[in-house]
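Peer 1: Okay, here's the structure, questions in a sec.
The values are calculated or read from the model by the stated rules, or taken from the named source; none is laboratory data. Fair warning: this is a prediction, and the values are worked out from it, not measured in the lab. Note that we place each Cβ from the backbone using ideal geometry, even for glycine, and neighbour counts take in every protein chain shown. The protein model used for the area step is the full one, side chains on, heavy atoms only, and it has no ligands, DNA or RNA in it. Shrake-Rupley method; radii C 1.70, N 1.55, O 1.52, S 1.80 Å.
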Amino acid sequence: LQRHPDPRAAARHLVADVVVSRKRIPGFGHRIHAVDPRQAVLFDLARRYGIAGKGVAFAEAVREEFAASGRTLPVNVDGAIAAILYDLGLPSHLGKAVFIMGRVAGVAAHVVEELSRERPMRFRFSFAYDGPEPPS
């Protein structure tokens, strides 16, 4: 969006490059859903609270440009979060931290479920350290 301030022009440029290079775009595509339901909720909330701006418009324009080229490539939850962070004016390097925070609750719930339902130590792991020698 820095080189192309218009979200539609930026989306056209990006999709044209991706179609030629056959690269993947982080934040787009989903293994199961044609539309990631989490993305729809996040974008609806961003609109309701007046946050949706060029980031959300760009993500939706990329999805539409791919559709026009014959490919279904939905905005996934990570793409939705990135678009909203952009619209909030947050620096892009905070993205990873926000994505991780969103997954911590699910991982913690999984651990609690494992501890409460499963037999302890049912996995047998064998690891060999192959890194540098620790300092003496």
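Peer 1: For the subset of region 26-55 comprising residues that are hydrophobic (A, V, I, L, M, F, W, C) and either more than 16 Å from the chain's Cα centre (by Cα) or crowded, with 17+ Cβ neighbours inside 10 Å (or both), which member is farthest from Ile84 (Cα to Cα)? Break it down stepwise before answering.
Peer 2: Pass one, region 26-55, residues hydrophobic (A, V, I, L, M, F, W, C): 28, 32, 34-35, 40-43, 45-46, 51-52.
In the following step, the residues that additionally are either more than 16 Å from the chain's Cα centre (by Cα) or crowded, with 17+ Cβ neighbours inside 10 Å (or both) were identified as 28, 42-43, 45-46, 51-52.
On the way: Phe28: 14, Leu42: 8, Phe43: 8, Leu45: 10, Ala46: 7, Ile51: 7, Ala52: 7 Å.
Among them, the one singled out is Phe28.
Peer 1: For region 56-96: of the residues being among the aliphatic types (A, V, I, L, M) and open to solvent by 60 Å² or more (accessible area, probe 1.4 Å), which is modelled with the highest pLDDT?
Peer 2: Checked region 56-96; the qualifying residue modelled with the highest pLDDT is Leu88.
Peer 1: Oh, and also: Which count do you get for residues in region 24-66 that are of a type in the set (A, V, I, L, M, F, W, C) and under 10 Å from Gly79 (Cα atoms)?
Peer 2: 4
Peer 1: What helices (runs of 4 or more DSSP H) completely inside region 20-136 contain at least 3 residues that are within 18 Å of Arg8 (Cβ to Cβ)?
Peer 2: Those helices (runs of 4 or more DSSP H) span 54-68, 77-88.
Peer 1: Within region 97-109, take every residue that is modelled with pLDDT of 85 or more and not hydrophobic (A, V, I, L, M, F, W, C) and give me the one that is most open to solvent (accessible area, probe 1.4 Å). Step through it out loud before you land on a result.
Peer 2: Applying the first criterion (modelled with pLDDT of 85 or more) to region 97-109 yields 97-101, 103-109.
The next check asks that each one be not hydrophobic (A, V, I, L, M, F, W, C); those that pass are 103, 106.
Working: Arg103: 111, Gly106: 47 Å².
Ranking the qualifying residues of region 97-109, first place goes to Arg103.
Peer 1: Is at least one residue of region 34-54 on the phi > 0 side of the Ramachandran plot and in contact (Cβ under 8 Å) with a residue 40 or more places away in the chain?
Peer 2: Checked against the condition, which is being on the phi > 0 side of the Ramachandran plot and in contact (Cβ under 8 Å) with a residue 40 or more places away in the chain, region 34-54 yields no hits at all.
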